[in-house]
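Below is one structure, written out as structure tokens; comments come after it.
The values are calculated or read from the model by the stated rules, or taken from the named source; none is laboratory data. Since this is a predicted model, take the numbers as computed values, not measurements. Because the Cβ atoms are built from the backbone with ideal geometry, glycine has one as well, and the counts that use them run over all protein chains shown. These area figures cover heavy atoms from the full protein model, side chains too; ligands, DNA and RNA do not enter into them. Shrake-Rupley method; radii C 1.70, N 1.55, O 1.52, S 1.80 Å.
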Amino acid sequence: MCANWQMDMTEIEMLFDKLKLIPDQSEKIINNVLKQKGAPLAMENIQENIPLSPRKNKKHAKTSSSLTVKHENMGFTIRPKRAFEYIKYPDLAIGTSHRNREKMFMKKGLDRSTPKIVDDLTTSVLQSIEDTLN
């Protein structure tokens with residue numbers, strides 16, 4: 001997961017400190033949270049920011065299931081499905097969109113998702129620590 005997002009660094013540092021308390025479980029917790037909650041949340045936030053094409057007689061990326069996720073170790077990659085590859089043009093302002101401003105809906109969606117993902121990670125880590133202590 002990579003993005004330029006603004007967040008209080010003490011929250012991130014606190015999460016890292018908590019992860020150090022359960023080093024044998026940290027990787028599994030991160031992967032589970034990102035797969036079950038993080039990636040779906042990011043996809044949802046990205047999907048709602050995709051601009052709607054003015055073309056009428058076509059399947060629109062915004063109103064379709066146009067994104068796919070690839071889960072990685074402690075991360076994920078979200079890309080448009082093959083039929084919706086064209087959405088990269090308005091996002092990056094390239095190709096036929098080169099005279100327009102970048103829409104950056106992928107980044108905006110991920111930025112909006114990041115605080116909730118960090119919160120979910122923290123909650124899962126704290127639950128695991130509590131379970132370990134009991």
Residue in segment 89-134 that is nearest to residue 35 (Cα to Cα), counting only those that are at pLDDT below 80 and open to solvent by less than 80 Å² (accessible area, probe 1.4 Å): 91
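For every residue, the table says whether it meets (1) in a loop (DSSP other than H, G, I, E, B); (2) of a type in the set (Lys, Arg).
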{"residue": "24", "(1), (2)": "yes, no"}
{"residue": "33", "(1), (2)": "no, no"}
{"residue": "39", "(1), (2)": "no, no"}
{"residue": "42", "(1), (2)": "no, no"}
{"residue": "46", "(1), (2)": "no, no"}
{"residue": "59", "(1), (2)": "yes, yes"}
{"residue": "69", "(1), (2)": "no, no"}
Residue match in segment 95-106 (condition: touching a residue at least 12 places away in the same chain (Cβ under 8 Å) and not in a loop (DSSP other than H, G, I, E, B)): yes
Test: residue in segment 54-67 that is within 17 Å of residue 111 (Cα to Cα) and charged (D, E, K, R): no
Among residues of segment 54-88, those that are open to solvent by less than 30 Å² (accessible area, probe 1.4 Å), under 22 Å from residue 102 (Cβ atoms) and of a type in the set (Phe, Trp, Tyr), counted: 1
Segment 23-41: number of residues that are open to solvent by 60 Å² or more (accessible area, probe 1.4 Å) and either in contact with a His (Cβ under 7 Å, 6 or more places away or on another chain) or among the hydroxyl-bearing types (Ser, Thr, Tyr) (or both): 1
